[in-house]
Amino acid sequence: MDFQSRRVIRELYRWGRWYLSQVPVNGFRLDAVKSIDSGFFTRWLRAMRKELRQPAFAVGEWWSGDVHPLLEYLEASQRCMALFDVPLHYHLQQASQSNGTFDLRQLFRDTLAQRAPALAVPFVDNHDTQPGQALESWVMDWFRPQANAILLLRDLLYPCVFFGDLYGMTSGKPKTAGLEDMLRIRSRLSEGVIRDYETGDGQVLVWKNEGAHPFFLILTKAAGKECQVQEPDVAGCGFTDIMDRSRHLQADETGNMTLSCPDGGLSVWVRDQDLPLLDPADAAQSVG
């Protein structure tokens, strides 16, 4: 498509306005933006948002594992859209395939989540990265719960969940364990404020989600791990691991307890008193 042609550009504006008149659009997913003049989208999105009378969210796909062209495009397009965080996707894939050598403390290094967090759309996989597709770079199945927890239960603004992880795939791959609970935790418990614990171990990540409904997460890509924490705001509270609800913890009177997760696994420790908020039948339950 020739974006130097005024006729082409006029037609794209006309088509965009017609489409908005026919479909209840509240956002845009823009494909292969590296092939399209950034200045076009700056103007076109402004016109479409004016038509909608709202600052509709827009995300573009620029497929590069190098964060620098993504940052350059964001600036060239006057930050009129977010971009999929392809570098983070590749880091998740590498972590799943590294046989324990990938340092999880470097997971966000040179990603959009680190360099431009307000315009980063992280994802684990998509339709193009599945086995057999042109951009095949599948995050291995054993690591998918950890990868989704990293997206959903930290402070990332726009995590994008893969349909196959939530519902399963026709190829026979099952849905990702614990994902529905993670979505409810993000919606009903998380306030988006996290605090990492420094363990000195690149094979484990541990963090606390602060707020009215504090919870803890520990994950590893190697052997099972433990981390001792002391948090006065959870003194005396009981906790359950939503990945295996037979596992329980009790914080002592000072908030001291030892978090743990199984080999190559993930544990999300939620206060027992908050478990009713994760009832799938209680979709209307709100945080607080």
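General observations
- One chain, two ends: Asp66 and Asp272. Fully extended at 0.36 nm per residue, the span grows by 69.9 nm beyond their Cα-Cα distance.
- Between Ser187 and Trp142, the modelled label-to-label distance comes to 3.2 nm, taking each label 7 Å out from Cα in the direction of the beta carbon.
- The portion of the accessible surface of the range 157-229 made up by carbon and sulfur, rounded to a whole percent, is 52 (1.4 Å probe; DNA, RNA and ligands excluded).
- Percentage relative contact order, the chain, counting C-alpha pairs under 8 Å, at least six apart: 11 percent
- Close amide H contacts of Met140 (hydrogens built in the peptide plane, cut-off under 5 Å, sequence separation of 5 or more or a different chain): Ser96.
- Assuming charge only on the beta carbon of Lys and Arg (+1) and of Asp and Glu (-1), the dipole of the range 64-218 about its Cα centre is about 380 debye to the nearest 20.
- Zone residues, the range 125-164, relative to Gln54, backbone N less than 19 Å from point 7 Å out along Cα-to-Cβ: 158-159
- Gain upon complete extension [Arg109, Asp279; 0.36 nm per residue less C-alpha separation]: 57.6 nm
- Solvent-accessible ranking of Glu231, Glu180, Glu253, Glu210, largest area first, probe 1.4 Å: Glu253, Glu180, Glu210, Glu231
- Sulfur and carbon atoms: percent of accessible area, the range 41-155 [1.4 Å]: 47 percent
- Highest-MSF residue in the chain out of Ala251, Ala120, Ala82 [GNM, Cα springs under 10 Å]: Ala251
- Computed from the C-beta positions of Asn99 and Lys34 and an R0 of 35 Å, the FRET efficiency is 0.60 to the nearest 0.05.
- Karplus 3J(HN,Hα) series, Hz, for the range 269-277 with 6.51 cos²θ - 1.76 cosθ + 1.60 (x for Gly, Pro): 8, 10, 4, 4, 5, 9, 4, x, 5
- Separation in nanometres of the label points that stand 7 Å from Cα toward Cβ, at Glu210 and Val23: 4.2 nm
- In order along the range 112-120, phi translates into HN-Hα couplings of 5, 4, 8, 8, 8, x, 6, 10, 9 Hz, rounded to whole numbers, per the Karplus curve 6.51 cos²θ - 1.76 cosθ + 1.60 with θ = phi - 60° and x for Gly and Pro.
- Solvent exposure of the range 71-117, expressed per residue, is 44 Å² of accessible area, with all protein chains present and a 1.4 angstrom probe.
- Candidate residues Trp44, Trp15: accessible-area rank, largest first, probe 1.4 Å: Trp15, Trp44
- Rolling a 1.4 Å probe across the protein heavy atoms gives the range 140-237 an accessible surface of 42 Å² per residue.
The values are calculated or read from the model by the stated rules, or taken from the named source; none is laboratory data. Bear in mind the structure is a predicted one, so any value in this text is a computation, not a measurement. For neighbour counting, all protein chains shown are included, and Cβ atoms are generated from backbone atoms with ideal geometry for every residue, glycine included. SASA here: full protein model, heavy atoms, side chains in, ligands and nucleic acids out. Shrake-Rupley method; radii C 1.70, N 1.55, O 1.52, S 1.80 Å.
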